[in-house]
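Read the structure below first, then the notes.
The values are calculated or read from the model by the stated rules, or taken from the named source; none is laboratory data. From a predicted model like this one, the values you see are computed outputs, not experimental measurements. Cβ atoms come from the backbone with ideal geometry, glycine included; neighbour counts cover every protein chain shown. Accessible surface areas use protein heavy atoms only, side chains included; no ligands, DNA or RNA. Shrake-Rupley method; radii C 1.70, N 1.55, O 1.52, S 1.80 Å.
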Amino acid sequence: MINKPLVLTYLYLFIYILLSSGVILYNKWVLSPKYFNFPLPISLTMIHMGFSGVVAFFLVRVFKVVSPVKMTFEIYATCVIPISAFFASSLWFGNTAYLHISVAFIQMLKALMPVATFIMAIMCGTDKPRCDVFWNMVLVSVGVVISSYGEIHFNVVGTVYQVTGIFAEALRLVLTQVLLQKKGLTLNPITSLYYIAPCSFVFLFVPWFLLEKPAMEVSQIQFNFWIFLTNALCALALNFSIFLVIGRTGAVTIRVAGVLKDWILIALSTVIFPESTITGLNIIGYAIALCGVVMYNYIKVKDVRASQLPADNLSERMAKEWKFEKKSSDIFMPNNSGDSVGGAGSASDSNVDEEAPLIPSARLSYIGRTQLGNHAA
(Lines give C-alpha, C1' and ligand atoms only; values in the text may rest on other atoms or scores of the structure.)
Protein backbone atom coordinates (compact mmCIF):
# COMPACT_ATOMS: atom_id res chain seq x y z
CA MET A 1 0.00 0.00 0.00
CA ILE A 2 1.31 3.46 -0.96
CA ASN A 3 2.12 5.77 1.92
CA LYS A 4 0.48 8.95 0.62
CA PRO A 5 1.93 11.37 3.25
CA LEU A 6 5.43 10.06 2.50
CA VAL A 7 4.92 10.38 -1.26
CA LEU A 8 3.62 13.93 -0.77
CA THR A 9 6.65 14.83 1.34
CA TYR A 10 9.06 13.59 -1.33
CA LEU A 11 7.03 15.45 -3.95
CA TYR A 12 7.41 18.71 -1.99
CA LEU A 13 11.15 18.07 -1.63
CA PHE A 14 11.45 17.43 -5.36
CA ILE A 15 9.54 20.63 -6.16
CA TYR A 16 11.72 22.61 -3.72
CA ILE A 17 14.98 21.31 -5.27
CA LEU A 18 13.64 21.94 -8.78
CA LEU A 19 12.47 25.48 -8.05
CA SER A 20 15.53 26.43 -6.02
CA SER A 21 17.90 25.32 -8.76
CA GLY A 22 15.67 26.86 -11.43
CA VAL A 23 15.51 30.30 -9.79
CA ILE A 24 19.29 30.51 -9.42
CA LEU A 25 19.91 29.45 -13.02
CA TYR A 26 17.15 31.79 -14.21
CA ASN A 27 18.70 34.76 -12.38
CA LYS A 28 22.12 33.94 -13.82
CA TRP A 29 20.64 33.74 -17.35
CA VAL A 30 18.82 37.07 -16.98
CA LEU A 31 21.81 38.94 -15.55
CA SER A 32 24.58 37.47 -17.68
CA PRO A 33 25.78 39.68 -20.58
CA LYS A 34 26.28 36.48 -22.61
CA TYR A 35 22.61 35.52 -22.50
CA PHE A 36 19.60 37.77 -21.81
CA ASN A 37 21.97 40.63 -21.03
CA PHE A 38 20.23 42.52 -18.24
CA PRO A 39 23.35 43.33 -16.17
CA LEU A 40 21.43 45.32 -13.56
CA PRO A 41 21.28 43.23 -10.37
CA ILE A 42 19.79 46.00 -8.22
CA SER A 43 16.96 46.50 -10.72
CA LEU A 44 16.24 42.77 -10.79
CA THR A 45 16.19 42.61 -7.00
CA MET A 46 13.85 45.63 -6.85
CA ILE A 47 11.49 43.88 -9.25
CA HIS A 48 11.44 40.89 -6.91
CA MET A 49 10.83 43.08 -3.87
CA GLY A 50 8.09 45.11 -5.53
CA PHE A 51 6.33 42.01 -6.82
CA SER A 52 6.57 40.23 -3.47
CA GLY A 53 5.29 43.29 -1.62
CA VAL A 54 2.24 43.52 -3.87
CA VAL A 55 1.50 39.79 -3.53
CA ALA A 56 1.88 39.99 0.25
CA PHE A 57 -0.44 43.00 0.44
CA PHE A 58 -3.20 41.13 -1.40
CA LEU A 59 -2.70 37.96 0.68
CA VAL A 60 -2.82 39.86 3.97
CA ARG A 61 -5.19 42.78 3.36
CA VAL A 62 -7.47 41.68 0.51
CA PHE A 63 -7.75 37.89 0.67
CA LYS A 64 -6.92 37.75 4.41
CA VAL A 65 -4.99 34.49 4.07
CA VAL A 66 -3.11 35.44 7.25
CA SER A 67 -3.62 38.21 9.76
CA PRO A 68 -1.02 40.98 10.18
CA VAL A 69 0.90 41.02 13.45
CA LYS A 70 0.71 43.88 15.93
CA MET A 71 3.45 46.08 14.50
CA THR A 72 4.06 49.36 16.29
CA PHE A 73 6.20 52.13 14.80
CA GLU A 74 8.85 51.49 17.47
CA ILE A 75 9.13 47.81 16.50
CA TYR A 76 9.17 48.67 12.81
CA ALA A 77 11.89 51.30 13.25
CA THR A 78 14.14 49.26 15.55
CA CYS A 79 13.57 45.77 14.10
CA VAL A 80 12.14 45.67 10.59
CA ILE A 81 14.18 48.53 9.12
CA PRO A 82 17.66 47.22 10.11
CA ILE A 83 16.73 43.65 9.13
CA SER A 84 15.40 44.88 5.78
CA ALA A 85 18.58 46.88 5.17
CA PHE A 86 20.84 43.86 5.56
CA PHE A 87 18.41 41.66 3.64
CA ALA A 88 18.48 44.11 0.73
CA SER A 89 22.28 44.26 0.94
CA SER A 90 22.67 40.48 0.86
CA LEU A 91 20.44 40.23 -2.22
CA TRP A 92 22.17 43.12 -3.96
CA PHE A 93 25.69 41.74 -3.42
CA GLY A 94 24.65 38.15 -4.11
CA ASN A 95 22.97 38.98 -7.41
CA THR A 96 25.89 41.20 -8.48
CA ALA A 97 28.23 38.24 -8.06
CA TYR A 98 26.43 36.50 -10.96
CA LEU A 99 27.97 39.10 -13.29
CA HIS A 100 31.51 38.05 -12.43
CA ILE A 101 31.68 34.40 -11.32
CA SER A 102 29.98 31.14 -12.22
CA VAL A 103 26.97 29.60 -10.52
CA ALA A 104 29.04 26.56 -9.54
CA PHE A 105 31.67 28.67 -7.80
CA ILE A 106 28.99 30.77 -6.09
CA GLN A 107 27.48 27.60 -4.60
CA MET A 108 30.91 26.56 -3.36
CA LEU A 109 31.43 29.94 -1.71
CA LYS A 110 28.03 29.63 -0.02
CA ALA A 111 29.50 26.83 2.08
CA LEU A 112 30.92 29.75 4.12
CA MET A 113 27.46 30.56 5.43
CA PRO A 114 27.88 28.64 8.74
CA VAL A 115 31.25 30.37 9.27
CA ALA A 116 29.78 33.82 8.70
CA THR A 117 26.79 33.11 10.92
CA PHE A 118 28.97 31.72 13.71
CA ILE A 119 31.25 34.80 13.62
CA MET A 120 28.34 37.25 13.60
CA ALA A 121 26.56 35.40 16.41
CA ILE A 122 29.66 35.61 18.59
CA MET A 123 30.15 39.31 17.79
CA CYS A 124 26.51 40.03 18.70
CA GLY A 125 26.66 37.93 21.86
CA THR A 126 24.05 35.37 20.83
CA ASP A 127 26.54 32.49 20.75
CA LYS A 128 29.68 31.51 22.60
CA PRO A 129 32.98 30.28 21.14
CA ARG A 130 33.13 26.49 21.11
CA CYS A 131 36.09 24.31 20.23
CA ASP A 132 34.11 21.69 18.26
CA VAL A 133 32.28 24.30 16.18
CA PHE A 134 35.49 26.30 15.69
CA TRP A 135 37.33 23.36 14.13
CA ASN A 136 34.35 22.69 11.87
CA MET A 137 34.52 26.31 10.73
CA VAL A 138 38.25 25.93 10.05
CA LEU A 139 37.53 22.83 7.95
CA VAL A 140 34.87 24.69 5.95
CA SER A 141 37.19 27.66 5.39
CA VAL A 142 40.08 25.45 4.25
CA GLY A 143 37.76 23.67 1.81
CA VAL A 144 36.53 26.95 0.34
CA VAL A 145 40.11 28.24 -0.02
CA ILE A 146 41.12 25.06 -1.88
CA SER A 147 38.04 25.33 -4.08
CA SER A 148 38.86 28.99 -4.84
CA TYR A 149 42.45 28.09 -5.68
CA GLY A 150 41.18 25.54 -8.18
CA GLU A 151 38.76 27.97 -9.85
CA ILE A 152 39.82 28.53 -13.48
CA HIS A 153 37.93 31.81 -13.94
CA PHE A 154 38.61 33.22 -10.48
CA ASN A 155 37.47 36.83 -10.19
CA VAL A 156 38.34 38.90 -7.15
CA VAL A 157 35.47 41.38 -7.61
CA GLY A 158 32.82 38.66 -7.91
CA THR A 159 34.26 36.74 -4.95
CA VAL A 160 34.26 39.86 -2.76
CA TYR A 161 30.65 40.60 -3.74
CA GLN A 162 29.54 37.06 -2.91
CA VAL A 163 31.39 36.84 0.41
CA THR A 164 30.10 40.28 1.43
CA GLY A 165 26.57 39.15 0.59
CA ILE A 166 27.05 36.03 2.73
CA PHE A 167 28.17 38.07 5.73
CA ALA A 168 25.31 40.55 5.22
CA GLU A 169 22.85 37.64 5.23
CA ALA A 170 24.48 36.19 8.34
CA LEU A 171 24.16 39.51 10.15
CA ARG A 172 20.55 39.73 9.03
CA LEU A 173 19.89 36.32 10.58
CA VAL A 174 21.51 37.32 13.86
CA LEU A 175 19.60 40.61 13.96
CA THR A 176 16.37 38.74 13.28
CA GLN A 177 16.99 36.64 16.35
CA VAL A 178 18.24 39.46 18.58
CA LEU A 179 15.68 42.11 17.65
CA LEU A 180 12.44 40.31 16.83
CA GLN A 181 12.73 37.69 19.56
CA LYS A 182 13.21 40.37 22.19
CA LYS A 183 9.93 41.89 21.06
CA GLY A 184 8.18 38.51 21.12
CA LEU A 185 7.34 38.93 17.43
CA THR A 186 6.75 35.94 15.16
CA LEU A 187 6.53 36.23 11.39
CA ASN A 188 5.51 33.53 8.96
CA PRO A 189 6.72 33.75 5.33
CA ILE A 190 3.71 35.79 4.17
CA THR A 191 3.91 38.39 6.93
CA SER A 192 7.68 38.54 6.45
CA LEU A 193 6.98 39.49 2.85
CA TYR A 194 4.37 42.00 3.92
CA TYR A 195 6.62 43.95 6.29
CA ILE A 196 10.15 43.47 4.96
CA ALA A 197 9.81 43.46 1.15
CA PRO A 198 8.57 47.09 0.82
CA CYS A 199 11.24 48.34 3.21
CA SER A 200 13.95 46.44 1.29
CA PHE A 201 12.63 47.99 -1.93
CA VAL A 202 13.16 51.47 -0.46
CA PHE A 203 16.72 50.64 0.64
CA LEU A 204 17.55 49.33 -2.83
CA PHE A 205 16.20 52.49 -4.46
CA VAL A 206 19.13 54.61 -3.25
CA PRO A 207 21.97 52.52 -4.80
CA TRP A 208 19.79 51.94 -7.87
CA PHE A 209 19.34 55.70 -8.37
CA LEU A 210 23.09 56.33 -8.00
CA LEU A 211 24.52 53.30 -9.82
CA GLU A 212 22.06 51.82 -12.29
CA LYS A 213 19.67 54.58 -13.30
CA PRO A 214 22.39 56.55 -15.16
CA ALA A 215 23.47 53.37 -16.97
CA MET A 216 19.89 52.63 -18.03
CA GLU A 217 19.57 56.10 -19.53
CA VAL A 218 22.65 55.87 -21.75
CA SER A 219 22.55 52.20 -22.82
CA GLN A 220 20.10 50.01 -24.69
CA ILE A 221 18.71 47.76 -21.96
CA GLN A 222 16.08 45.31 -23.10
CA PHE A 223 13.06 44.77 -20.89
CA ASN A 224 10.80 41.82 -21.50
CA PHE A 225 7.69 41.90 -19.30
CA TRP A 226 7.08 38.15 -19.48
CA ILE A 227 10.67 37.27 -18.65
CA PHE A 228 10.61 39.33 -15.46
CA LEU A 229 7.10 38.24 -14.50
CA THR A 230 7.95 34.54 -14.80
CA ASN A 231 11.22 35.14 -12.97
CA ALA A 232 9.41 36.77 -10.05
CA LEU A 233 6.70 34.08 -10.07
CA CYS A 234 9.32 31.31 -9.91
CA ALA A 235 10.97 33.03 -6.95
CA LEU A 236 7.61 33.35 -5.19
CA ALA A 237 6.78 29.69 -5.90
CA LEU A 238 10.15 28.70 -4.46
CA ASN A 239 9.46 30.44 -1.18
CA PHE A 240 6.06 28.83 -0.79
CA SER A 241 7.54 25.42 -1.63
CA ILE A 242 10.03 26.01 1.20
CA PHE A 243 7.08 26.78 3.46
CA LEU A 244 5.46 23.45 2.51
CA VAL A 245 8.70 21.50 2.97
CA ILE A 246 9.25 22.99 6.43
CA GLY A 247 5.75 21.91 7.43
CA ARG A 248 6.20 18.28 6.38
CA THR A 249 9.83 17.43 7.15
CA GLY A 250 12.32 17.76 9.95
CA ALA A 251 15.65 19.49 10.33
CA VAL A 252 17.82 16.63 9.12
CA THR A 253 15.74 16.06 5.98
CA ILE A 254 15.82 19.74 5.02
CA ARG A 255 19.57 19.95 5.47
CA VAL A 256 20.21 16.80 3.43
CA ALA A 257 17.92 18.14 0.69
CA GLY A 258 19.90 21.38 0.69
CA VAL A 259 23.21 19.58 0.20
CA LEU A 260 21.69 17.44 -2.58
CA LYS A 261 20.34 20.59 -4.25
CA ASP A 262 23.77 22.22 -4.18
CA TRP A 263 25.41 19.26 -5.93
CA ILE A 264 22.63 19.09 -8.54
CA LEU A 265 22.91 22.82 -9.14
CA ILE A 266 26.67 22.67 -9.63
CA ALA A 267 26.26 19.86 -12.16
CA LEU A 268 23.41 21.60 -14.00
CA SER A 269 25.23 24.92 -14.18
CA THR A 270 28.19 23.35 -15.99
CA VAL A 271 25.79 21.94 -18.60
CA ILE A 272 23.62 25.04 -19.11
CA PHE A 273 26.52 27.52 -18.90
CA PRO A 274 29.48 25.81 -20.62
CA GLU A 275 31.87 28.60 -19.64
CA SER A 276 31.45 27.68 -15.94
CA THR A 277 33.75 24.67 -15.98
CA ILE A 278 34.81 23.07 -12.72
CA THR A 279 38.10 21.39 -11.89
CA GLY A 280 39.05 18.45 -9.71
CA LEU A 281 40.46 20.87 -7.14
CA ASN A 282 37.08 22.65 -7.06
CA ILE A 283 35.35 19.38 -6.23
CA ILE A 284 37.91 18.35 -3.62
CA GLY A 285 37.74 21.72 -1.87
CA TYR A 286 33.96 21.79 -1.92
CA ALA A 287 33.78 18.22 -0.59
CA ILE A 288 36.06 19.21 2.31
CA ALA A 289 33.90 22.26 3.03
CA LEU A 290 30.74 20.15 2.95
CA CYS A 291 32.26 17.73 5.46
CA GLY A 292 32.61 20.66 7.85
CA VAL A 293 29.05 21.80 7.13
CA VAL A 294 27.64 18.30 7.71
CA MET A 295 29.56 17.96 10.99
CA TYR A 296 28.28 21.39 12.06
CA ASN A 297 24.71 20.34 11.28
CA TYR A 298 25.21 17.14 13.27
CA ILE A 299 26.43 19.13 16.29
CA LYS A 300 23.38 21.41 16.09
CA VAL A 301 20.98 18.46 15.83
CA LYS A 302 22.68 16.79 18.79
CA ASP A 303 22.51 20.02 20.85
CA VAL A 304 18.79 20.37 20.22
CA ARG A 305 18.07 16.77 21.10
CA ALA A 306 20.09 17.11 24.31
CA SER A 307 18.25 20.30 25.27
CA GLN A 308 14.89 18.70 24.55
CA LEU A 309 15.54 15.49 26.48
CA PRO A 310 17.51 16.35 29.61
CA ALA A 311 15.59 14.37 32.21
CA ASP A 312 14.29 11.37 30.29
CA ASN A 313 15.37 7.83 30.92
CA LEU A 314 16.98 5.79 28.14
CA SER A 315 13.80 4.20 26.78
CA GLU A 316 11.97 7.53 26.68
CA ARG A 317 14.93 9.18 24.97
CA MET A 318 15.01 6.49 22.29
CA ALA A 319 11.28 6.79 21.69
CA LYS A 320 11.40 10.58 21.47
CA GLU A 321 14.41 10.59 19.18
CA TRP A 322 12.61 8.18 16.88
CA LYS A 323 9.73 10.66 16.73
CA PHE A 324 12.02 13.69 16.36
CA GLU A 325 11.49 14.14 12.65
CA LYS A 326 7.77 13.50 12.83
CA LYS A 327 7.22 16.06 15.57
CA SER A 328 8.82 18.80 13.54
CA SER A 329 6.25 18.30 10.79
CA ASP A 330 3.56 19.73 13.05
CA ILE A 331 5.39 23.03 13.44
CA PHE A 332 4.81 25.98 11.15
CA MET A 333 1.40 24.77 9.94
CA PRO A 334 -1.42 27.31 9.71
CA ASN A 335 -4.04 27.21 12.44
CA ASN A 336 -7.73 27.93 12.12
CA SER A 337 -7.35 31.67 12.47
CA GLY A 338 -5.03 31.83 9.50
CA ASP A 339 -1.85 32.56 11.44
CA SER A 340 1.12 30.25 11.43
CA VAL A 341 3.18 29.04 14.33
CA GLY A 342 6.87 29.81 14.06
CA GLY A 343 9.66 32.24 14.75
CA ALA A 344 10.99 35.00 12.62
CA GLY A 345 14.44 33.56 12.11
CA SER A 346 17.50 32.12 13.75
CA ALA A 347 21.14 32.84 13.63
CA SER A 348 21.88 29.20 14.27
CA ASP A 349 19.97 28.04 11.25
CA SER A 350 22.90 28.52 8.92
CA ASN A 351 21.30 26.57 6.09
CA VAL A 352 18.74 29.23 5.39
CA ASP A 353 18.11 29.22 1.69
CA GLU A 354 19.46 32.61 0.78
CA GLU A 355 18.83 31.80 -2.90
CA ALA A 356 15.14 32.44 -2.29
CA PRO A 357 15.03 36.13 -3.17
CA LEU A 358 11.64 37.02 -1.69
CA ILE A 359 11.10 35.77 1.84
CA PRO A 360 13.82 36.15 4.47
CA SER A 361 14.25 33.31 6.98
CA ALA A 362 11.86 31.19 4.96
CA ARG A 363 13.83 28.01 5.34
CA LEU A 364 13.47 28.02 9.11
CA SER A 365 14.26 24.55 10.37
CA TYR A 366 13.10 22.81 13.48
CA ILE A 367 16.54 23.40 14.91
CA GLY A 368 16.31 27.16 14.54
CA ARG A 369 12.78 27.32 15.91
CA THR A 370 13.63 25.16 18.91
CA GLN A 371 16.76 27.05 19.77
CA LEU A 372 14.92 30.35 19.66
CA GLY A 373 12.58 29.03 22.30
CA ASN A 374 15.25 27.55 24.54
CA HIS A 375 18.46 29.54 24.29
CA ALA A 376 20.01 32.25 22.19
CA ALA A 377 22.41 30.25 20.06
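Residues in the stretch 129-139: is at least one acidic (Asp, Glu), open to solvent by 10 Å² or more (accessible area, probe 1.4 Å) and in contact with a Ser or Thr (Cβ under 8 Å, 6 or more places away or on another chain)?
Keep residues of the stretch 129-139 that are acidic (Asp, Glu), which gives 132.
The next check asks that each one be open to solvent by 10 Å² or more (accessible area, probe 1.4 Å); those that pass are 132.
If we keep only those that are in contact with a Ser or Thr (Cβ under 8 Å, 6 or more places away or on another chain) too, we end up with none.
For the stretch 129-139, residues acidic (Asp, Glu), open to solvent by 10 Å² or more (accessible area, probe 1.4 Å) and in contact with a Ser or Thr (Cβ under 8 Å, 6 or more places away or on another chain): absent.
How do the pairs read when you match residues in the stretch 243-271 that are at pLDDT below 80 with residues anywhere that are among the hydrophobic types (A, V, I, L, M, F, W, C) and not in a helix (DSSP H, G or I), using Cβ under 7 Å and keeping only pairs 6 or more apart or on different chains?
Hits for this filter: 243/362; 246/332; 246/364; 247/332; 247/333.
Under the condition of being in contact with a helix residue (DSSP H, G or I) (Cβ under 9 Å, 6 or more places away or on another chain) and over 18 Å from residue 246 (Cβ atoms), which residue from the stretch 182-195 is surrounded by the fewest Cβ atoms within 10 Å (Cβ to Cβ)? Before the answer, list the steps.
Initially, the stretch 182-195 is screened for residues in contact with a helix residue (DSSP H, G or I) (Cβ under 9 Å, 6 or more places away or on another chain), giving 182-183, 185-195.
Now drop any that are not over 18 Å from residue 246 (Cβ atoms), which leaves 182-183, 185, 194-195.
Numbers: 182: 12, 183: 16, 185: 19, 194: 24, 195: 25.
Among residues in the stretch 182-195 that are in contact with a helix residue (DSSP H, G or I) (Cβ under 9 Å, 6 or more places away or on another chain) and over 18 Å from residue 246 (Cβ atoms), the one surrounded by the fewest Cβ atoms within 10 Å (Cβ to Cβ) is 182.
On the basis of being open to solvent by 80 Å² or more (accessible area, probe 1.4 Å) and among the hydroxyl-bearing types (Ser, Thr, Tyr), does residue 149 make the cut?
Numbers: open to solvent by 80 Å² or more (accessible area, probe 1.4 Å): yes; among the hydroxyl-bearing types (Ser, Thr, Tyr): yes.
Yes.
Within the stretch 196-244, track down each residue that is β-branched (Val, Ile, Thr) and open to solvent by less than 40 Å² (accessible area, probe 1.4 Å). I'd like the intermediate steps shown before the answer.
Our first condition is that a residue be β-branched (Val, Ile, Thr); within the stretch 196-244, this holds for 196, 202, 206, 218, 221, 227, 230, 242.
Once the filter is applied, which keeps residues that are β-branched (Val, Ile, Thr) and open to solvent by less than 40 Å² (accessible area, probe 1.4 Å), the stretch 196-244 yields 196, 227, 242.
In the stretch 200-218, is there at least one residue being among the polar types (S, T, N, Q) and either under 26 Å from the mean Cα position of the chain (by Cα) or in a helix (DSSP H, G or I) (or both)? Explain how you work it out, then say what you get.
Just the residues of the stretch 200-218 that are among the polar types (S, T, N, Q), to begin with: 200.
When the remaining residues are screened for being either under 26 Å from the mean Cα position of the chain (by Cα) or in a helix (DSSP H, G or I) (or both), the result is 200.
Yes, the stretch 200-218 has at least one match.
Please state which one of 170, 111 is under 27 Å from residue 81 (Cβ atoms), among the aliphatic types (A, V, I, L, M) and assigned to a helix (DSSP H, G or I). Show your work before the answer.
Numbers: 111 fails: under 27 Å from residue 81 (Cβ atoms).
Just one listed residue meets the conditions, 170.
If the Cβ limit is 6 Å and pairs must be 6+ apart or interchain, which residue in the stretch 19-44 that is under 18 Å from residue 209 (Cβ atoms) pairs with which residue that is in a helix (DSSP H, G or I) and of a type in the set (D, E, K, R)?
40/212; 42/212; 43/212
Look at the stretch 250-294 and say how many of its residues are farther than 19 Å from residue 103 by Cβ and crowded, with 18+ Cβ neighbours inside 10 Å.
Going through the stretch 250-294 one residue at a time, the tally reaches 7.
Pull up the stretch 151-200, narrow it to residues that are among the hydrophobic types (A, V, I, L, M, F, W, C) and touching a Pro at 6+ places or on another chain (Cβ under 8 Å), then point me to the one that is nearest to residue 47 (Cα to Cα).
Taking the stretch 151-200 as the starting set, the residues that turn out to be among the hydrophobic types (A, V, I, L, M, F, W, C) are 152, 154, 156-157, 160, 163, 166-168, 170-171, 173-175, 178-180, 185, 187, 190, 193, 196-197, 199.
Filter again for touching a Pro at 6+ places or on another chain (Cβ under 8 Å), leaving 175, 179, 196.
Details: 175: 25, 179: 27, 196: 14 Å.
By that ranking, first place goes to 196.
Consider residue 36 against the criteria (1) touching a helix residue (DSSP H, G or I) at 6+ places or on another chain (Cβ under 6 Å); (2) within 20 Å of residue 229 (Cα to Cα); (3) in a helix (DSSP H, G or I): it satisfies all of them except one. Which criterion is unmet?
Among (1) touching a helix residue (DSSP H, G or I) at 6+ places or on another chain (Cβ under 6 Å); (2) within 20 Å of residue 229 (Cα to Cα); (3) in a helix (DSSP H, G or I), residue 36 violates only (3).
Kindly check whether there is at least one residue in the stretch 63-83 that is surrounded by 20 or more Cβ atoms within 10 Å (Cβ to Cβ), in contact with a Lys or Arg (Cβ under 9 Å, 6 or more places away or on another chain) and within 18 Å of residue 196 (Cα to Cα).
Yes, the stretch 63-83 has at least one match.
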